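In what follows, a single structure is set out as structure tokens and then discussed.
The values are calculated or read from the model by the stated rules, or taken from the named source; none is laboratory data. Quantities reported herein were computed from a predicted structural model and do not represent experimental measurements. Don't worry about glycine lacking a Cβ; one is built from the backbone with ideal geometry, like all the others, and counts go over all protein chains shown. When the accessible area is computed, the model is the full protein with side chains, heavy atoms only, and any ligands, DNA or RNA have been set aside. Shrake-Rupley method; radii C 1.70, N 1.55, O 1.52, S 1.80 Å.
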Amino acid sequence: MRILHLIPLIPTLFRLQAHCLKIACSQMWIEHTPLSYAANNFYNSDSDTASLISGGVPNLQDTTVDLAGNAETQGLLNYVQNKNYRLIGIIVEVTYRLVANKAAGITSLADLRGKRVGTIPRTSAEVFVRQLLANGGGLSPEDYTTVSGWVCMREPCGADTFPAQLADGTIDAFGVWETAVELGIRALGDDAVVFKNSSVYREVYSLYSTEEKLADAGTRKKIVEFVRALNQTYDVFRGAPDDDADGVYTTVGELIRVDVPVLKSVWADHVWGPGSLEKDLVDYLEVEDQYLAEVDRREPLSRAELERFVDTSVYEEAMQG
Ligand SMILES: *[C@@H]1O[C@H](CO)[C@@H](O)[C@H](O)[C@H]1NC(C)=O
Ligand SMILES: *[C@@H]1O[C@H](CO)[C@@H](O)[C@H](O)[C@H]1NC(C)=O
């Protein structure tokens, strides 16, 4: 008899579960933290909640996932296979840095000829290293060796991570997202030399959804609400006072297990959304896609395909409300 009483409850539970906005992203990096912050502090659509799962753009294939956060590189690589994916907002633009060891004779990017450069294949980090060394050092991929490794977000860094490998001479330089580069700089001390050029490469960590999710009125309404919550978050992140009076560094540091002084020293290289989704973004994606297409020996995406990929309508709708 008791069991029979429970049966009517089951459909209600399903409905409640279906309500929750599900966001896939890697929860280890600084870039994702506005998603957590917005979900924890600002998102509240008809008492709906947003939850994060580990992953990224590829998870959009799972129709229970509504949104994803990832660099533009993963966005492009996945869009090639899934033309229903949409880039609907910029969460943060990050000027990546490359740290090299002066003791290995490196004072300019051209000095990286014949050297070992740490980076992570098929990610924004590799795109950054290739573009920076080509543009700033006149080097093509055959001119240096790339070495794969692991990032470190907090000291002590394990022996197989880039900062430790740079310090022990296994590699001569590395380029990847923060806070690994900052920890590499600290590990080398006076021997560190740093290169960056945001006009050559910046990571455009973005928010993605699918054409189908955006066409569904109920889901779209929640996504628009979430984009508004993100907009509030950017304001908080941008205005973070140096003394951490509002606790943003502490909160973000706890989310990703990073020490506050290290986080503060890389904060300025992070430009918190919403950026521009206009022609300049499509131009930027086009250049990157040409590089990716060459690596993968495929046709580059057409201008029309790239223009469809970037959907400005959600952000516009969010800002009207
Ligand atoms: C950054 O790259 C651009 C384009 O290649 C170049 O014009 C500019 O001089 C570079 N800036 C620095 C500081 O090297
Ligand atoms: C978005 O954020 C800006 C501040 O950065 C604020 O002026 C604006 O009102 C916000 N828009 C919405 C719709 O919340």
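Springs between Cα atoms under 10 Å define the GNM used for the chain, and in it the highest mean-square fluctuation of Gln165, Gln81, Gln290 occurs at Gln81. Distance from the C-alpha centroid of the stretch 242-285 to that of the stretch 174-197: 17 Å, rounded to the whole angstrom. Which residue fluctuates the most in the chain, going by a Gaussian network model with Cα springs under 10 Å, if the choices are Asn231, Asn101, Asn135? Highest fluctuation of the listed residues: Asn135. Accessible surface ranking for Trp150, Trp29, Trp177, 1.4 angstrom probe, highest first: Trp150, Trp29, Trp177. In order along the stretch 145-155, the phi-based Karplus estimate (6.51 cos²θ - 1.76 cosθ + 1.60, θ = phi - 60°) of 3J(HN,Hα) comes to 10, 9, 10, 7, x, 10, 7, 10, 9, 7, 6 Hz; Gly and Pro are listed as x. For the chain, the Kirkwood radius over C-alpha pairs fed into Stokes-Einstein at 4 °C and 1.567 mPa s yields D = 62 µm² per second. Fully extending the segment from Thr312 to Gln81, taken as 0.36 nm per residue of separation minus the present Cα-Cα distance, adds 81.0 nm. Largest GNM mean-square fluctuation across Ala217, Ala293, Ala180, computed for the chain with C-alpha springs under 10 Å, falls on Ala217. Quick one: which residues, 5 or more positions from Thr210 or on another chain, have an amide H under 5 Å from its amide H? H modelled 1.01 Å from N in the peptide plane, none for Pro or chain starts. For Thr210, whose amide H was placed from the backbone, the distant partners under 5 Å are Arg86. Looking at the chain, the accessible area is 45 square angstrom per residue; that uses a 1.4 Å probe and ignores ligands, DNA and RNA. Residues with beta-carbon under 13 Å from that of Thr63, excluding Thr63: net charge, scoring Lys, Arg +1 and Asp, Glu -1? Summing Lys/Arg as +1 and Asp/Glu as -1 gives -3. For Lys264, the lysines whose Cα comes closer than 26 Å to its Cα, not counting residues fewer than 8 places off in the same chain, are Lys102, Lys196. How about Lys213: which lysines have a C-alpha closer than 26 Å to its C-alpha, ignoring those fewer than 8 places off in the same chain? Here the lysines satisfying the reach criterion relative to Lys213 are Lys22, Lys83, Lys221, Lys222, Lys279. Here the accessible area of the chain is 52 percent carbon and sulfur, with a 1.4 angstrom probe and all protein chains present.
The magnitude of the dipole of the chain, with charges of +1 and -1 set on the Cβ of Lys/Arg and Asp/Glu and taken from the Cα centre, is near 680 debye. Taking the Cα centre of the stretch 174-321 as origin and assigning +1 to Lys and Arg Cβ atoms and -1 to Asp and Glu Cβ atoms, the resulting dipole is close to 260 debye. Output the antiparallel fraction of DSSP beta bridges having both residues in the stretch 97-181, as a percent to the nearest 5. Restricted to the stretch 97-181, the bridges split so that about 40 percent are antiparallel.
Loop-located trypsin sites (Lys or Arg not before Pro) in the stretch 216-277 (DSSP state other than H, G, I, E, B) with a sparse environment of at most 14 neighbouring Cβ atoms within 10 Å: Arg257.
Near the amide H of Ile171, within less than 5 Å, lie the amide hydrogens of Leu166, all on another chain or at least 5 residues away, with H placed in the peptide plane. Based on DSSP H segments of at least four residues, each scored -39500 (n - 2.57), the chain has a per-residue ellipticity at 222 nm of -13000 deg cm²/dmol.
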